[in-house]
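The next block holds one structure in the form of structure tokens; read it before the comments.
Values in this text are rule-based calculations from the coordinates and carry no lab data. Note that the structure is predicted; figures quoted are calculated from it, not measured. Don't worry about glycine lacking a Cβ; one is built from the backbone with ideal geometry, like all the others, and counts go over all protein chains shown.
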Amino acid sequence: MHFSAVCRVLGILLMILSLSHVPPLLIDIYYDEGLWSVFLASFSITLITGFCIWLPVRKVRADMRIRDGYLITALFWTVLGAFGAVPFILSDVPAMSFTDSIFEAFSGLSTTGATVLTGLDNMPHSILYYRQQLQWLGGMGIVVLAVAIMPMLGVGGMQLYRTEIPGPLKDKKIAPRIADTAKTLWVIYCGLTLICALAYWAAGMSLFDAIGHSFSTIAIGGFSTHDASIGFFNSPMIELICIFFMAISGINFALHFLALRTYSLKHYWEDAECMAYLKILGTLFLICAGMLMLYSTYESPIDSIRYALFQVVSVATTTGFGIADFSTWPTFVPYLLLFSVFIGACAGSTGGGMKVMRVMLVFRQGQREIARLLHPNGVFTIKLGKHKVSDRVMESIWGFCAIYMGAFFTLMLALLACGLDPITAFSTLASCMNNLGPAFGDATANFSSLPDSAKYILSFAMVLGRLEVFSLLVLISPAFWRY
């Protein structure tokens, strides 16, 4: 383990993070709301801390190993959450406890969208912007942003990249070099954000709201600048724009790159995961819309279709925006939507959950086992599109599912020990571990009423889900520290 190299990278990343406090500082000066000193102090604290960590080891040039990448990723997300909470801690508006500040920062950076805040409509613009920006940075991963510019700083990035990016992009790089890959991802990410912001603005949002909501839409985050979320605007056009960008943000970004490079959409139709993702969204929509119309939840079928379409895409992609309280929908529908977040979005997207690809392959493994029972001497293979999936990949997916469910059950018991009722404990953990946001029970409105111990557990669950379990839990393994 090269601790000097780890400290050097961590110091550089913290200094880069300090720059995120500059835009809200300028916004506060523009609106003259008196919080510029909070962001100036946050900038200074983060920059100086990063500089002090970096300075003693600035000349270290040791090559990082894969274990160093895992350690940096875990440390940085932990440290990032702590320093991301500094503006909330220092600000008097809103007045937040240390625990609530940590929870809000981790929720933003992990793109979960769970909040302890109310009164967003009257909150300072700088704080509102900062929350949205946290989600935007967390969407693709602040580590990937750092990897894109680290070659200029003399720091290798492959180890960081592998521990941050989920799914197929771990093995298939879009560009020949890691820095080019990260830059390509961010060009696509920024391009989608810009187009989304312009669409929101043209549809009637203010420029401030358009930028803020484009940040959380493309990041699949769910934070809003209003208490009523997207429902504040009461605009079908804005909702359609939001649905479109939530849906495409839940698709593997490698497919967006291929579509951009070849000027063709055929890659989407040829990708088995993408098609399964769209089928899942379509099936959930039909079920929810049908149940809402059957029980006459809304006055007209058009309203049922409108609310069902938006909430299905918002929840199933793990975004968490709202135009209706789906927890009050009839019979099993609220739990159907909550269970859908365990599937989540596609691998290589900004969404959360276990990812569509893993669920697909587990389902096909089940089909293979049934076929083997019927034909014991038969030879059956699992394919993803035209490609055979190796047994090693299937073993990895089964291992992930086992670790994921084990972690979920353990954290669920911990939340129950904190005094939460079963519905609140299950829904908040499902929401946070899958980076959704909305929950049921005592957290239906927001998470402010939960005990501090539960908020820390849920903050850990957010990071655990954001890093897809293995990248964080590998640090607990004795073998990780053995050599």
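Quick notes
- Three-way shape label, the stretch 340-389, alpha-carbon gyration tensor, a/c 1.5: oblate
- When the helices of the chain are scored as -39500 (n - 2.57) per DSSP H run of n ≥ 4 and the total is divided over every residue, the value at 222 nm lands at -20000 deg cm²/dmol.
- Under a 5 Å amide H cut-off, with hydrogens placed 1.01 Å from N, Leu384 pairs with Val389 among residues at least 5 apart or on other chains.
- Cβ crowding within 10 Å ranks Ser42, Ser300 as Ser300, Ser42, fewest other Cβ atoms first.
- Karplus-derived 3J(HN,Hα), 6.51/-1.76/1.60, for each residue of the stretch 341-357, Hz, glycine and proline x: 6, 5, 6, x, 9, 6, 5, x, 9, 8, x, x, x, 7, 5, 4, 4
- Hydrodynamic radius of the stretch 317-467 per Kirkwood, over alpha carbon pairs, in Å: 17.0
- Sorted by Cβ density within 10 Å, fewest first, the residues Cys432, Cys190: Cys190, Cys432
- Annotation: the stretch 198-317 has a Kirkwood hydrodynamic radius of 15.6 angstrom, from the mean reciprocal C-alpha pair distance.
- Amide hydrogen neighbours beyond the local backbone of Ala219, cut-off 5 Å, H modeled: none
- Taken over the chain, lysine pairs spaced eight or more positions apart, or on distinct chains, with alpha carbons under 21 Å apart number 26.
- For the chain, with +1 on Lys and Arg beta carbons and -1 on Asp and Glu, the positive-most of Gly419, Ala324, Pro376 along the dipole: Pro376
- Gyration tensor verdict on the chain (Cα atoms; rounded if a/c is under 1.5, prolate if a/b is larger than b/c, oblate otherwise): rounded
- The string of couplings for the stretch 467-480 from the Karplus curve (6.51, -1.76, 1.60, θ = phi - 60°) is 9, 6, 6, 4, 4, 9, 6, 4, 5, 7, 5, x, 5, 4 Hz, one whole number per residue in order, with x for Gly and Pro.
- Around Gly399: net Lys/Arg minus Asp/Glu count, Cβ-Cβ under 13 Å: -1
- Overall, the anisotropy analysis places the stretch 52-113 in the oblate class: the square-rooted eigenvalues a ≥ b ≥ c of its C-alpha gyration tensor yield a/c not less than 1.5, with a/b not exceeding b/c.
- Derived scalar couplings between HN and Hα for the stretch 100-117 equal 5, 5, 4, 4, 5, 5, 5, 5, x, 5, 7, 6, 7, x, 6, 9, 10, 9 Hz in order, rounded to whole Hz, by the Karplus curve 6.51 cos²θ - 1.76 cosθ + 1.60 (θ = phi - 60°), x for Gly and Pro.
- Local electrostatic count, Leu309, Cβ distance below 12 Å [Lys/Arg +1, Asp/Glu -1]: -1
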